[in-house]
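Before any comments, here is the structure.
No value in this document is a laboratory result; all are computed from the given coordinates. Predicted, not measured: the structure shown is a model, and the values here were computed from it. Here the Cβ positions follow ideal geometry from the backbone for every residue, glycine too, while neighbour counts run over all protein chains shown.
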Amino acid sequence: MNTWYDLKLAVLQKMFAADDKIEKDESTLGYLAAMPHCANEGLAFLATAGKFITKSVKIAQMDIQNLISNSIANAIHEFSDTYSYQADEGQSFYFEVSGNGTCAIYVGDTLFDTITIETQGYEAFKGLITNTEKLPVKFEFTTSYPMALKNVAIYKESFADADAVVPFTDKIKYDMVALAPDFYMIDPQGIYYEGSYQQYLQTSDFYQEGTKTLVLDRDMIGSFTIYYRAYPEQITADTEDTYELPIDPEVYALLPLYMASELYKDDDLGIATSYRNEMEVGFERLVNSANLSAFEEFTSDSGWI
């Protein structure tokens, strides 16, 4: 078993030729106290450069109808006084705007909300509209300076909250850290798309912005399974001895060598160096095996992707 207790015992056995159980005394307490930090170092080192911890999240993209015409929604509108657009009803909205001014939102003839806009470059605004009677909705922008507006949408659908309102952009960005707090990087060959007719295939039709943002085409309606490489869970002084480390056996086998080399270098540098060299040899083999080609491709006869 790859438990925290077993790992600690393996480290002590490397250092002291210990028995088959951990004795907590003056000779071991200092080392045991230092093990959580040392284990986290080793796990981060191995899990981000050797044998990765792979997890997945799901993203669903739905076909949400925009009540604003494409000619208005897809254009960039530049003005320096007022600009407005409206729909016969609406429960939520999205727009991107650059400049200084205000946006007044009317439901019927009643002012629902006023948004103060002070942006440099385009900034997204989205929210919910209280409109139980399905009255016409109007957005009126007012400015004394040049202002630009794009990607405008009024949706007849409501959402769970303002953050859930779908952007009306050709490319939709997903913050992977928000979706998966332990996110390290996207698996380059690990995105699968399920679209029409229940087809479920690997796809390379995505982009990355920086290292933490996934970008998908808005018109790819369906479900995505995103496989990603994860940071290991942090071990602390309160971690239970029965905690099982979520790593493969070949990674687990290198951890005692790494930890013993770090903990023992002030006591016996020769032994510590020997363990570190042994760990590096194993690590090199691990990296080579992890980097073996696993390329896949497919062809769609229908041309849907």
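Find how many whole Å separate the alpha carbon centroid of the stretch 23-96 from the alpha carbon centroid of the stretch 211-259. Each part's Cα centre sits 15 Å from the other's.
Near SER223: Cβ cut-off under 15 Å, other residues only, Lys/Arg at +1 and Asp/Glu at -1. The net charge is -3.
Cα convex hull, the chain: 199 Å³ per residue, rounded to a whole number.
Can you tell which of ILE68, SER261, VAL287 lies farthest toward the positive end of the dipole of the chain, using +1 and -1 charges on the Cβ of basic and acidic side chains (Lys, Arg; Asp, Glu)? With unit charges placed on the Cβ atoms, the residue in question is ILE68. The alpha-carbon of LYS134 sits under 29 angstrom from the alpha-carbons of these lysines, leaving out residues fewer than 8 places away in its chain: LYS126, LYS150, LYS156.
If you sort the three axes of the alpha carbon gyration tensor as a ≥ b ≥ c, you get a/c of 1.5 or more for the stretch 134-180 and a/b no higher than b/c, which makes it oblate.
Placing unit charges on the Cβ atoms only, positive for Lys and Arg and negative for Asp and Glu, gives the chain a dipole magnitude near 500 debye about its Cα centre. With R₀ set to 41 Å, the beta-carbon distance separating THR119 from THR203 gives a calculated FRET efficiency near 0.75.
In a Debye calculation with equal point scatterers on the alpha-carbon sites of the stretch 115-255 and no solvent, what is log10 I(q)/I(0) at q = 0.11, 0.12 Å⁻¹? Computed log10 I(q)/I(0) values: -0.68, -0.77. Could you work out the Rg to Rh ratio of the stretch 251-292, with Rh taken as the Kirkwood radius (inverse of the mean 1/r over all Cα pairs)? Here the Rg-to-Rh quotient is 1.07. Highest GNM mean-square fluctuation among GLY270, GLY210, GLY222, for the chain modelled with Cα contacts below 10 Å: GLY210. Exposed loop sites are taken as trypsin sites (Lys or Arg not before Pro) in a DSSP loop (any state but H, G, I, E or B) with at most 16 other beta carbon atoms within 10 Å; the longest stretch of the chain without one runs 25-133.
How would the stretch 25-123 be classified by its alpha-carbon gyration tensor: rounded, prolate or oblate, with rounded meaning a/c under 1.5 and the a/b versus b/c comparison settling the rest? In terms of gyration-tensor shape, prolate. Tell me whether the stretch 70-164 comes out rounded, prolate or oblate; compute the Cα gyration tensor, take square roots of the eigenvalues as a ≥ b ≥ c, and use a/c under 1.5 as the rounded threshold. The shape class here is prolate. Between SER84, LEU128, THR116, the Cα set farthest toward the positive side of the dipole of the stretch 70-164 (charges on each charged residue's Cβ, about the Cα centre) is that of SER84.
Radius of gyration over Kirkwood radius for the stretch 171-230, both on Cα atoms: the Rg/Rh ratio is 0.95.
Think of it as helices only: each DSSP H run of n ≥ 4 in the chain is worth -39500 (n - 2.57), and spread over all residues that comes to -7500 deg cm²/dmol at 222 nm. Most mobile of THR169, THR142, THR225 per a Gaussian network model of the chain (Cα springs, under 10 Å)? Taking springs between Cα atoms under 10 Å, the residue moving most is THR142.
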